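Visitor: Take this structure, written in structure tokens, and hold onto it; I'll ask about it next.
The values are calculated or read from the model by the stated rules, or taken from the named source; none is laboratory data. Note that the structure is predicted; figures quoted are calculated from it, not measured. Because the Cβ atoms are built from the backbone with ideal geometry, glycine has one as well, and the counts that use them run over all protein chains shown. Ligands, DNA and RNA are stripped out before the accessible areas are found, and what is left, the full protein with its side chains, is counted by its heavy atoms. Shrake-Rupley method; radii C 1.70, N 1.55, O 1.52, S 1.80 Å.
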Amino acid sequence: MKTYNDIYLQARNALREHDIEGYNLEARLLVATAAGKTTQELLRDLSLYTTPDVAARVEELTERRINGEPVAYITGAWEFYGLPMIITTDVLIPRMDTELLVDAAKELLNGRKMDARILDLCCGSGCIACAVGHELPATRLVAVDISASALDICRRNIAANRLSSRAICMQADATASPPMSMGQFDMIISNPPYIPTAELKKLDRSVRDFEPAWALDGGKDGMKFYKSIIKYWKALIRPGGYLLFEVGEGQADAVKEMMLTGGFRSVGSKFDTLGVERVIMGKM
């Protein structure tokens, strides 16, 4: 019989041997998932004996990770802005860079428009809507995506984070005119698909082979969604309201120019931890 610590060490060593950078954390997550425990419960129970079934399940999950499958899809969970998120292959895995959008929203609204009505456009898992709703508890939120399966995950995350009284989901195409009677918003936040189509095949295998291509593909030049959102959706922004975008590396200048041409003012940006101009924001 093996203890939880024994199978954790085996998983950790296997991940390390295959050059998986976060082998300590990921091994903990895999063992906790196989055992049906939280990571806190796993740490508490490390010295206890486990069952052969759990040990076999850890081996299976570890093998999936070694074969390139992201740990978030294996465990079905991830964290964004300190909040738990349900994650499946129907949605992108939330990135730390995207937390900059939440920071920007807070800076623009805190002390100015605490009860803002906010649209999370191309919402995917709903991580942005959940984080903004959690950080700004008087806001009201609408999360929009074209994918019904993504919206199902979004609804589950909204419910899990106790935001159902202030947040709703709607299905719509960000590259077309918005549905009638959506009303107006104090802020639109969007992390749209922005990878140029030809670049998709060059992405890391863990992204290319597992994450949904439709949520990555930004068209020939990567600008399809920015152009469409500025064209079709800016009419939903109240005077004095804001549009916030996440952009890919090297796209900031083009998106800023589009926003200025589209009538936005006070167009600015925020840089991520690697010095990439990652968030572009403008005011109507």
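Visitor: If you take the residues of the stretch 159-210 that are open to solvent by 60 Å² or more (accessible area, probe 1.4 Å) and charged (D, E, K, R), which of them is nearest to Pro239 (Cα to Cα)?
Guide: Restricting to residues being open to solvent by 60 Å² or more (accessible area, probe 1.4 Å) and charged (D, E, K, R), the top hit is Arg162.
Visitor: Now, a different point. What tally of residues in the stretch 63-79 results from selecting those that are out of contact with any His (no Cβ under 9 Å at 6 or more places or on another chain), within 16 Å of Ala14 (Cβ to Cβ) and touching a residue at least 12 places away in the same chain (Cβ under 8 Å)?
Guide: 4
Visitor: Further, regarding this structure: Being in contact with a helix residue (DSSP H, G or I) (Cβ under 6 Å, 6 or more places away or on another chain), within 30 Å of Asp217 (Cα to Cα) and hydroxyl-bearing (Ser, Thr, Tyr) narrows it down to one residue among Thr39, Thr89; which is it?
Guide: One residue alone meets the criteria, Thr89.
Visitor: Identify all residues within the stretch 64-74 that are open to solvent by 60 Å² or more (accessible area, probe 1.4 Å) and either among the hydroxyl-bearing types (Ser, Thr, Tyr) or out of contact with any helix residue (DSSP H, G or I) (no Cβ under 9 Å at 6 or more places or on another chain) (or both); write none if there are none.
Guide: Asn67, the sole residue that qualifies.
Visitor: Can you give me the number of residues within the stretch 211-227 that are part of a helix (DSSP H, G or I) and open to solvent by 20 Å² or more (accessible area, probe 1.4 Å)?
Guide: Of the residues in that region, 5 qualify.
Visitor: Report yes if some residue within the stretch 74-85 is part of a loop (DSSP other than H, G, I, E, B), among the small types (Gly, Ala, Ser), touching a strand residue (DSSP E or B) at 6+ places or on another chain (Cβ under 7 Å) and over 28 Å from Leu163 (Cβ atoms); otherwise report no.
Guide: No: the stretch 74-85 contains no residue that is part of a loop (DSSP other than H, G, I, E, B), among the small types (Gly, Ala, Ser), touching a strand residue (DSSP E or B) at 6+ places or on another chain (Cβ under 7 Å) and over 28 Å from Leu163 (Cβ atoms).
Visitor: Among what's in the stretch 230-250 and is part of a loop (DSSP other than H, G, I, E, B) and within 20 Å of Asp120 (Cβ to Cβ), pick the residue that is modelled with the highest pLDDT.
Guide: Here the residue is Val247.
Visitor: Taking Thr273 as the residue in question, decide whether it is β-branched (Val, Ile, Thr) and farther than 22 Å from Asp120 by Cβ. Break it down into steps so the answer makes sense when it comes.
Guide: Numbers: β-branched (Val, Ile, Thr): yes; farther than 22 Å from Asp120 by Cβ: yes.
Yes, satisfied.
Visitor: In addition: How many residues are of a type in the set (A, V, I, L, M) and either loosely packed, with under 13 Cβ neighbours inside 10 Å or farther than 21 Å from Tyr81 by Cα (or both) if we restrict to the stretch 130-158?
Guide: 3
Visitor: So, one more: Within the stretch 235-284, which residues are over 25 Å from the mean Cα position of the chain (by Cα) and acidic (Asp, Glu)?
Guide: Glu257
Visitor: Separate question: Please verify whether Leu61 is touching a helix residue (DSSP H, G or I) at 6+ places or on another chain (Cβ under 7 Å) and either in a helix (DSSP H, G or I) or buried (at least 18 other Cβ atoms within 10 Å of the Cβ) (or both), treating the condition exactly as stated.
Guide: Yes; evaluated as a whole, the condition is true for this residue.
Visitor: Do you know which residues across the stretch 253-269 are outside any loop (DSSP other than H, G, I, E, B), in contact (Cβ under 8 Å) with a residue 24 or more places away in the chain and among the hydrophobic types (A, V, I, L, M, F, W, C)?
Guide: Of everything in the stretch 253-269, those that are outside any loop (DSSP other than H, G, I, E, B), in contact (Cβ under 8 Å) with a residue 24 or more places away in the chain and among the hydrophobic types (A, V, I, L, M, F, W, C) turn out to be Ala254, Val255, Met258, Met259.
Visitor: Return the total of residues in the stretch 75-87 being of a type in the set (S, T, N, Q) and either farther than 30 Å from Ala27 by Cβ or open to solvent by 40 Å² or more (accessible area, probe 1.4 Å) (or both).
Guide: In the first step, residues of the stretch 75-87 are kept if they are of a type in the set (S, T, N, Q); the result is 75.
Filter again for either farther than 30 Å from Ala27 by Cβ or open to solvent by 40 Å² or more (accessible area, probe 1.4 Å) (or both), leaving none.
Qualifying residue count for the region: 0.
Visitor: If you don't mind, another one. Go through the stretch 91-128 and give me each residue that's assigned to a loop (DSSP other than H, G, I, E, B) and surrounded by 19 or more Cβ atoms within 10 Å (Cβ to Cβ).
Guide: Across the stretch 91-128, the qualifying residues are Val91, Leu92, Ile93, Pro94, Lys113, Ala116, Cys122, Cys123, Gly124, Ser125, Gly126.
Visitor: Tell me, which residue of the stretch 270-283 that is touching a Lys or Arg at 6+ places or on another chain (Cβ under 6 Å) and either in a loop (DSSP other than H, G, I, E, B) or over 14 Å from Thr98 (Cβ atoms) (or both) is most open to solvent (accessible area, probe 1.4 Å)?
Guide: Taking the candidates together, the pick is Lys283.
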